[in-house]
Structures are given as structure tokens and as C-alpha cells.
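Presented below is the structure to which this report refers.
The values are calculated or read from the model by the stated rules, or taken from the named source; none is laboratory data. This one's a predicted model, so the numbers in the text were calculated from it and none came from an experiment. Backbone-built Cβ (ideal geometry, glycine too); neighbour counts: all protein chains shown. When the accessible area is computed, the model is the full protein with side chains, heavy atoms only, and any ligands, DNA or RNA have been set aside. Shrake-Rupley method; radii C 1.70, N 1.55, O 1.52, S 1.80 Å.
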Amino acid sequence: MRVPLEPARGTRDILPPLSEYYQQITTKFSEVAELYGYRLAIIPTIEHFEIYEAKSGPGISKSMYVFQDKAGRTICLRPEFTASLVRAYLKHLTAWPKPVKLYYYGQVFRYEEPQLGRYREFYQVGAEYIGEPRAFADIELFQLIRDFYRTVGLSGYAFRVNDISIARGLLSRWGVPEEVQDDVLHMVDKGETGRALEVVRGYAGPEASLLESLLEVRAESPSELRAEVERLGLPQELLSTGVSRLLEIFEALLSLGLRAYVDFRLVRGLAYYTGTIFEVSVPGFNLSIGGGGRYDTLSRILGGAEVPAVGFSLGVERTLIALESEKVLESLAKPRPRTMLISLVRDLAFVDRVATRMRERGVVVDVRYSQKRRLSDLVGQASRAGYDYVAIVGEAELGEGKVTVKCLKTGTQRTVDADALGDPGALC
Ligand code: HAM
């Protein structure tokens, strides 16, 4: 039988060294999230379709992998984590003291047209802050992202920020039903603003031009934002809610030294957002590397009691692309010293003792059993394969309880006591 060796379209075999970069991203994100008090949630890869059907938004719901299982249930591969996490929260964690702070990592699936940085199976890391309505929860998430990027070495990023309650507030005032609002915002997200405004005109008449002007606002500073919203003459109720919250967050981000700007055209693809929304971008890459926002009503939409919540997810693939373009990708995975331990004797216990000593000190030890006449071949192979050292155990070494270590970079060679062996770097 001949099988295709190419992985399925839009998916990748993630092999070394790429796999090691993925692991570093996950590990470093986990460390930072835990330092902020988030705890790990591991949720199923398959999910009830209804969870995502409700509020994933027209874009994502069309790109979901959906199928019937053998019992006829409609199942989907998770297209993101947030709605599943809210389901898990409603099922298990409502009695926990609030806030409940969770983080996660893993793969998600979207049937999209593959391109650089866009896959059908991709990885996210993310965090959700459940049970806190005030803006300091939103702000903490930006701080967490900042610290994560600092840990992996990414610096040239910026936050594009908005508060979706402002545009939704206008649409609601004009009597645009919620499902129509979702469609209108989806059109704006896809750049079809003209079409979106046409729909809105059907409800608001000429007043729809206020939305048109709003979508054109982009502010680099809080004072600019204040001036712009004043010029627009937004209704007071939106000024005292969405706009004032947006200003508070914008000011906080700048005071934390983060690069941020407000862009009212940002609406995001997911339809569950109710307040702050944001995306992370890097220069020269037109896809956002992360995004998130506040979704205070999602738990009610999923049938539970309403609980305010805010969160974000970062795309692992796109983070790696950003790191590569900043030329810091390779420093992400700190390589351990690698040794090929060549044993010319069949003394398993002694070889194990030597290898264990070295591994205990964080040295990679790849054991090969060989014959003396093949020794130089193996040393050559170790050198070509990028090992740092070879350690040799022959009859003479075994008799004296010693090991010969050769540094492949300098050619220096020493015979040392097996029990004293640590990182051979110190010996070369
Ligand atoms: P999202 O914007 O749909 O938000 O995805 C977050 C990140 O996943 C994107 O910024 C991007 O880096 C990455 N991403 C999205 N689609 C693809 C793709 N096809 N290939 C590669 N990477 C991709 C969410 O998923 C929300 N759950 C964020 C959130 C959490 N909101 C509140 N809490």
C-alpha cells in the first residue's frame, strides 16, 4: 500500500528543531502564567458543536471541523479554547472563590485557506480571567503577555485595542438585532465596511454615518482619543461606559510602557466579546500574533449564570514567525551539552553509572556500544552530527573506573574518574 507522506493540507509534522521551539514557548508561557496565579486547564480536543455554534462568529463557525460520532452526536474539533473553558467552568468550578484564573496550551482546528502563519491545525497558549468585571483584570492580561514576550525575547510588538461595546451600543440604540450585529461586525472584520453600513442604514437611516465615522477613528494617545470621541458626539451612555473603560485601559497600557493604539475598526472574528478587545501585531506581518477580549455574557449564552470574564490566546506558529523575523528564534531553545558515550565494553552497569552521572548534571548522553575498530568512525559521526563531546569507555578505563572525554571543538582529551564526571565542558 502506498500512503501519502505529506501531512494533511494545512497541518505540519513538527520535528526538531521546530518541535523544541514549540516546547519552549509552551514551557515559558506556563511559567509566566503560573507566576501570575493562573492554573493549568486541560480540556478535550473534541467538543459539543453547540458550544461553538452559539457565539463563535460567522467566520469561525464556517471553518469548524464538524462530524457525527458513531452515536449520532454532533461533535467538533475545538476551534479555540475559550468557550470550552467556560463550559468546564460552569460544569466544575462555579463554587470556587472568584476570580478563577486558568491557562492552557494545545492545538486548535480551523478549516481555513493555508498560507504562511495560517494552518488548519495550529497551537495556542492562552489565559482566561473569570469572575472579575473591573478593568484591572484586562490590564493584568496585557502585563502577562508582556512578561511572556520578554521571556522569549520578542520586543517589536504593539497592541491594537478597542471596546466592542461602543459599536454594539450604537447598533442596539438603532434597534439592530444581536444576530444582525454579529453579521455586520463580521463584515467590518473582513473589510467589507460598505456592505456593513448598508445593512445598518436599513435600521438607522442617515444616522448610520456615525458608525462610519467611528470606524475611521484611530488614536495614538488618550488625548487624541478624547478629542475624536468628542468630535463624533457619541451618546452619553457610551461615553460613560465603553469609552471611559477604553480610556482607562489605554492609559494603563501606556503607563506600563507598552506600545498600544486604539483602532475602532478592530472588531475581532469571535462574536462573544462584550467589552475590551485587542490584537497583537508585529511589523511586516499582516496577521495578528495574538488576540483576546472581554466576554461577560458567554457563560449565560451557554446556559449558566452570568459571570464576567476576559482572556486572550496567542498563536504559537505566529509567535515563532515573529521571533524569527527579529532573529531571536534560535536563542529560544538553549541547547544542552550533547555527548556521545561510546562503550567498547559490555559492562552495562558501569556505562549506566557514567551516563547517569552526566545526565544528573543536565548533559545529554547518547550511548552507543561499539568495537574498537569502529571507534574513529563513530567519533567522526558524532562530530558531523553536532555533538559537543565524546566519552569513551574501553577496557583500560573500565579497569580503573575512568572515562576518556574528548571535546570535539578543541580536540582536547582527558581521562577522568567516572564518579567525578559532570558537564564535560569543564574538562575540555
Ligand atoms: P483568535 O484571534 O481567533 O482568538 O486566535 C488567537 C490567535 O491564534 C491569533 O491571534 C493567531 O495568532 C492564532 N491563529 C488564529 N487562526 C490561526 C490559524 N489558522 N493558523 C495559525 N494561527 C492562528 C481566539 O482564539 C480567542 N479564544 C482569544 C480569546 C481568549 N478571547 C478571549 N479569551
*Helix-derived mean residue ellipticity, 222 nm - over the chain, DSSP H n ≥ 4, -39500 (n - 2.57), to 500*: -11000 deg cm²/dmol
*With Rg and the Kirkwood Rh both taken from Cα atoms, where does Rg over Rh land for segment 61-144?*
1.05
*Kindly state, as a whole number, the per residue volume in cubic angstrom of the convex hull around the alpha carbon atoms of the chain.*
207
_Net charge over other residues, Cβ less than 15 angstrom from the Cβ of Glu112 (K, R count +1; D, E count -1)_ = +4
*If you take the C-alpha gyration tensor of segment 338-420, multiply each eigenvalue by 5 and take the square root, what semi-axes do you get, largest first, in whole Å?*
17, 15, 12
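Which percent, to the nearest 5, of DSSP beta bridges fully inside segment 328-428 are antiparallel?
DSSP beta bridges in segment 328-428 are roughly 45 percent antiparallel.
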_Tell me the angle of helix 222-232 to the major Cα principal axis of the chain, expressed in degrees between 0 and 90 and rounded to the nearest ten._
30
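Roughly how many percent of the accessible protein surface of segment 35-181 is carbon and sulfur, given a 1.4 Å probe and a whole-percent answer?
The C+S portion of the solvent-accessible surface of segment 35-181 is 54 percent.
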*What net charge is computed for the residues neighbouring Glu132, neighbours being all others with C-beta under 15 Å from the C-beta of Glu132, Lys and Arg scored +1, Asp and Glu -1?*
-1
_Per residue, how much accessible surface does segment 1-149 expose to a 1.4 Å probe? Answer in Å², no decimals._
52
_Long-range Cα-Cα pairs in segment 95-179 (distance over 17 Å), rounded percent_ = 70
*State log₁₀ I(q)/I(0) for segment 56-201 at q = 0.15 Å⁻¹ as given by the Debye formula over alpha-carbon point scatterers of equal weight, solvent excluded.*
-1.18
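Might you report the magnitude of the Cβ-based charge dipole of the chain about its Cα centre, with Lys and Arg at +1 and Asp and Glu at -1, to the nearest 20 debye?
1460
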*asked:* I need to check one value: relative contact order of the chain, counting alpha carbon pairs closer than 8 Å and at least 6 residues apart, in percent.
replied: 15
*Does anyone have the angle between helix 193-204 and the longest principal axis of the chain? Alpha-carbon axes, 0 to 90°, nearest 10?*
40
*Restricting to the chain, what percent of DSSP beta bridges are antiparallel, rounded to 5?*
75
*Of Tyr272, Ile342, Leu170, whose Cα points farthest to the positive end of the dipole of the chain (charges on the beta-carbon: +1 Lys, Arg; -1 Asp, Glu; origin at the Cα centre)?*
Ile342
*Please compute the net charge surrounding Arg9, taking Lys and Arg as +1 and Asp and Glu as -1 over other residues with Cβ under 11 Å from its Cβ.*
-2
